[in-house]
Structure formats: C-alpha cells, structure tokens
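Single-structure report; data block below.
What follows draws every value from the coordinates through simple rules; no lab data is involved. Remember, predicted model here, so these are calculated numbers, not experimental data. Cβ: placed from backbone, ideal geometry, glycine included. Neighbour counts: every protein chain shown.
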Amino acid sequence: MYHEMTLNTKPAALPNDLIGSVQRSLNILELLAQYSEGLNAKQVSRQVKVNLSTCYHLINTLMVSGYIVKDPDTLLFRLSGKIGYTIHGKASPAQLVKNLTPNIYNLKETTNETAYLSIWDGEEIMTAAVAESPLSVRVRALEVGFCEANHATALGKAVLAYFDEDQIDPFLSSHGMSAYTSNTITSAAAFKVHLAKVRRQGFSLDLEEYFPDVFCIGAPIFDAEGKILASVAIALPGSRYHQSGDKLLPKIMRTAKDATRTMRILGYVGQLRIKTP
C-alpha cells in the first residue's frame with residue numbers, strides 16, 4: 001500500500017555547479033527504492049517536487065537507460081535490477097526466480113502441463129520453480145533444488161547447449177553421465193553432437209531419457225548480455241507428446257523469449273563461467 005514518505009531533496013550547503021536534471025533523476029531512483037511495488041508518475045512528481053511533464057521526461061530517460069521499468073500489470077514505475085547488478089556484479093538466484101516465476105505459471109496455464117524453471121548459477125543447473133498442473137504428468141524428482149541428471153533432462157540440455165567448449169567437459173566430468181533409461185546419452189562425444197542440434201533448433205527434448213513415458217520440451221533463457229542464464233520446460237506423457245507436442249513447442253519457445261526479454265529490460269546478468277576452487 002502506498003504511504004507518502006518524506007524525501008529530502010534540498011540538502012544544506014548545496015554547491016552552485018550542480019546539474020539539476022541529474023539530481024532530480026537521482027531523487028527519483030532514491031524514491032522508487034523505497035517502494036518495491038512501484039509508484040505512478042503523479043506520485044513521483046509530487047514527492048520529488050517537479051511538474052508532471054518534467055517528471056515524465058526524467059522517468060522516460062531512466063527507462064531507456066534501463067534503471068526503471070514499468071510493470072505491465074500494475075502500470076507502476078519501479079526500479080529494475082540494473083542498479084543491483086552494478087553493485088553486486090550479478091543478480092541473485094532469488095531475484096531471478098521472483099521475476100521469472102510469472103512466466104512459468106503462464107506457461108502452465110497456456111499448455112495445461114506442469115512447467116519447470118531451472119537456473120544456472122555458475123556452479124549448478126538447479127530446478128528453481130515448479131508450476132504444477134493437476135492434469136499433467138509430474139516428474140516427482142524434479143523438485144526445487146534438484147541439480148542432477150542435466151544431461152538427461154530438457155531443462156539441463158537447454159542450458160548446457162550454450163556452454164563454451166572448455167566448460168562442457170569439466171561439467172560433464174564432475175557431474176557424470178549416468179544412464180537413467182535406455183535412451184539416456186552417456187557418451188560425452190555423442191552428447192556434444194546432440195547439444196549442437198539443440199543450439200541449431202533453439203529448443204531441447206527429453207524423449208524418455210530420464211523417466212520412462214515422460215517426455216519434456218525445454219528452451220533456453222538468456223541474460224541481458226545474451227549469455228545463458230536459465231531454462232524452462234514442460235513434462236508430459238508420451239500420448240500427449242505425440243499428439244500435441246508440435247502445438248506446444250511454440251508456446252514454450254515464446255515463454256523463453258518473453259523471459260529473456262524480461263532479463264534484458266531488468267538488466268540482469270548471470271554468471272556463465274564454471275567456478276573453480
């Protein structure tokens with residue numbers, strides 16, 4: 001709920017060479033930092049004590065620069081993740097999950113299948129959110145925090161496909177390539193050929209490679225610099241995959257593109273390099 005706060009916009013002993021528009025822009029950023037849900041332009045204008053027209057110009061400038069975003073649902077202005085990235089070097093997993101979860105739930109609603117989100121944090125590819133549909137198959141092992149079998153799942157392959165050559169070998173070596181079903185790819189050389197196909201087509205498939213009669217379709221999510229950050233996928237039984245897979249694929253890829261666009265707007269940058277001791 002919005003409660004007006006006192007914002008000190010006139011500190012004592014101001015030097016005479018200040019640039020007024022810069023100072024007003026900083027005042028807007030400081031103000032929005034106090035309201036995580038955002039404010040409308042009239043509220044901002046009143047609190048920073050500038051006329052509404054000037055306020056819109058300042059807000060638009062900050063939006064183009066990536067420091068402010070306009071929430072598409074509430075139409076309120078709020079801070080992006082860009083300032084946090086400038087300070088901390090990258091967005092935290094908690095921030096990413098908060099901003100990407102709406103995409104996952106939207107995917108569940110549009111496909112009527114359970115939707116999953118995985119995030120690459122530089123060490124692990126980890127299941128970070130699950131939007132469960134009562135009508136769909138549920139891969140019970142894929143709970144929040146699960147970080148195994150990435151060579152056998154659509155979620156994992158959608159991320160691994162965008163690793164550099166010098167990153168994929170250490171990852172596969174440290175995590176192993178266990179056979180979960182007769183369809184699991186357990187050869188590193190064959191898996192690299194498979195990942196090249198994932199990159200070409202822009203989506204990944206798990207065709208009973210992790211669980212029998214469980215088919216998954218995944219797609220990659222990229223950060224503001226175009227580096228791999230996360231992935232999204234749905235799981236469904238073979239009967240629905242063979243009947244509706246081609247129709248569901250565009251919805252999954254659209255969700256991934258929408259999520260990538262969100263990361264670009266918010267200025268979130270992840271961590272692609274594998275961390276070493």
query = Can you flag which of 157/251; 49/70; 98/192; 192/227; 157/257; 108/257 are past 25 Å Cα-Cα?
reply = 98/192
ask   = For the range 200-207, what does the Karplus curve 6.51 cos²θ - 1.76 cosθ + 1.60, with θ = phi - 60°, yield as ³J(HN,Hα) per residue in whole Hz, taken in order and with x for Gly and Pro?
value = 5, 8, x, 8, 10, 10, 10, 9
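Subtract the Cα-Cα distance of residue 94 and residue 26 from 0.36 nm times their separation in residues, and report this length gain in nm to one decimal.
Numbers: separation 68, 0.36 × 68 = 24.48 nm, distance 2.61 nm.
Answer, rounded to one decimal: 21.9 nm.
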Trypsin sites (Lys or Arg not before Pro) within the range 190-277: DSSP coil, no more than 13 neighbouring Cβ in 10 Å = 273, 275
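How do 44, 50 rank when sorted from fewest to most other Cβ atoms within 10 Å of their own Cβ?
Numbers: 44 24, 50 20.
Ranked by crowding around the Cβ, least crowded first: 50, 44.
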key: Kirkwood estimate for the range 20-79, i.e. one over the average of 1/r between Cα atoms, Å   = 11.1 Å
ask   = Extension gain residue 182-residue 143, at 0.36 nm per residue separation less the Cα-Cα distance, in nm?
value = 11.7 nm
inquiry  = Give the residue list of GluC sites (Glu not before Pro) in the range 142-171 that are DSSP loop and have at most 16 other beta-carbon atoms within 10 angstrom.
reply    = 143
ask   = Hey, fewest Cβ within 10 Å first, where do 73, 164 land in order?
value = 73, 164
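Sorting 216, 55, 147 on the 10 Å Cβ count, fewest up front, what's the list? The partial results should precede the final answer.
Details: 216 31, 55 22, 147 16.
Ascending number of Cβ neighbours within 10 Å: 147, 55, 216.
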task = Enter the Cα centre distance for the pair the range 116-195 and the range 38-83, rounded to the nearest angstrom.
result = 39 Å
